[in-house]
1. Would you mind ranking Asp23, Asp66 by Cβ crowding within 10 Å, fewest neighbours first?
2. Run the numbers for Arg177 and Arg300: contour at 0.36 nm per residue of separation, minus the present Cα-Cα distance, in nm.
3. What is the distance in Å between the Cα centres of the stretch 171-246 and the stretch 11-75?
4. Considering amide H positions built from the backbone, and no H for Pro or chain starts, which residues 5 or more places from Ile250, or on another chain, come under 5 Å of its amide H?
5. According to the square roots a ≥ b ≥ c of the eigenvalues of the Cα gyration tensor, what is the shape class of the stretch 9-98, taking rounded for a/c under 1.5, prolate for a/b larger than b/c otherwise, and oblate for the remainder?
6. For Cα pairs less than 8 Å apart in space and 6+ apart in sequence, what is the mean separation divided by the residue count of the chain, i.e. the relative contact order in percent?
7. Which far-off residues, 5 or more places away or on another chain, put their amide H under 5 Å from the one on Tyr117, with H placed in the peptide plane?
8. Please give me, ordered by residue number, the trypsin sites (Lys or Arg not before Pro) of the stretch 219-307 that lie in loop per DSSP and have at most 16 other Cβ atoms within 10 Å.
Amino acid sequence: MKLLILGGSGFVSGHLARLALLDGHEVWTVTRGNRPVPPGVHALTGDAHDAASLRCALASARVRWDAALDCICYTAETAQTDLAVLPDFTARLVVVSTDSVYHPAFKRVPQDETGVYLHDGGYGSCKRQMEEVFLEAAAHDRSDFSWTIFRPGHIFGPGSQLGCYPEHTRQPDLMARMLRGEPLRLVGGGRFLLHPIYVEDLCRSMLSCLDKPKAYNEIFCIGGPEILTNAAYFETLGQILGVPVRIEEIPLEGYLEAHPKYSGHLCHRAYTLDKLAAAGITLPHTPLREGLQKQVDWLRQAAEERD
């Protein structure tokens, strides 16, 4: 297939481009040109969040794509840009959202695709507003253009920093701190559940959904094969590094009020994948330990190359 990726130089989009190429697809990326994109793609330069810039970049390629995949759609405005431009170049779109769209006070375990959503102006709220633009369009648009939205939680793997939870979220020196035997400060002791997904598994599911009619104009929760506590995530990392993990508990009471940006972390993040399976989409399969090992190996290699 001919695939268009909005992004291509980032963590998820870079993996997506590389996997699509390995699968034999022809891949175009749209970026501002500030960072390198994977070798083998057709690199287009433009601002994917600006309708005129995006249209100009796509028109320059003179291609009708089989599908577009948007890894950088964050707001209602960027969703509107997608809907204003992309139908002239493709009939299929896949978008990455987030599990932070849910209001943490009303989440279920496991949580399905229905729920109470945030409207507080933060990251999760903006992503939900983005979703609502697509839902509204699907309710009124009778064209053959279709979209699919995925809601991953914590995405991990090579290309990203380690850590998943306050106060150790994607922390560049986390591995060094653990190797020095420093304690980890986790809110509530890391008691909340996590449903991490290995980055390549997310990309595989995104590519898998392209030809699945049951995925058209649908939203899916997505997570890996394991649900575990945040504390267990760090303990697994300690096993890989060969060091004991000492956890210092930060009292939960009052923490969220003082740090509202962490509302999407200070709750259970466990999801049912029943809808994903029913649509025939490839299910994530990489165990946490296997994926974390690859992430640690990548970080070590990157450090050696810097030195």
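1. Working: Asp23 12, Asp66 16.
Taking fewest neighbouring Cβ atoms as first place, the list is Asp23, Asp66.
2. 42.9 nm
3. Taking the Cα centre of each part, the stretch 171-246 and the stretch 11-75 sit 26 Å apart.
4. Under 5 Å from the amide H of Ile250: Leu186, Val187, Gly188, Gly189.
5. Numbers: a/c = 1.38, a/b = 1.27, b/c = 1.09.
Rounded, since a/c falls under 1.5.
6. Details: 601 pairs, mean separation 54.8, N = 307.
It rounds to 18 percent for the chain.
7. Those lying under 5 Å, H to H, from Tyr117 are His103.
8. Arg246
All of the numbers you see were taken from the coordinates with simple rules; none came from a lab. No experiment lies behind these values; they were computed from the predicted model shown. Cβ sites come from the backbone with ideal geometry, for glycine too, and all protein chains shown count toward neighbours.
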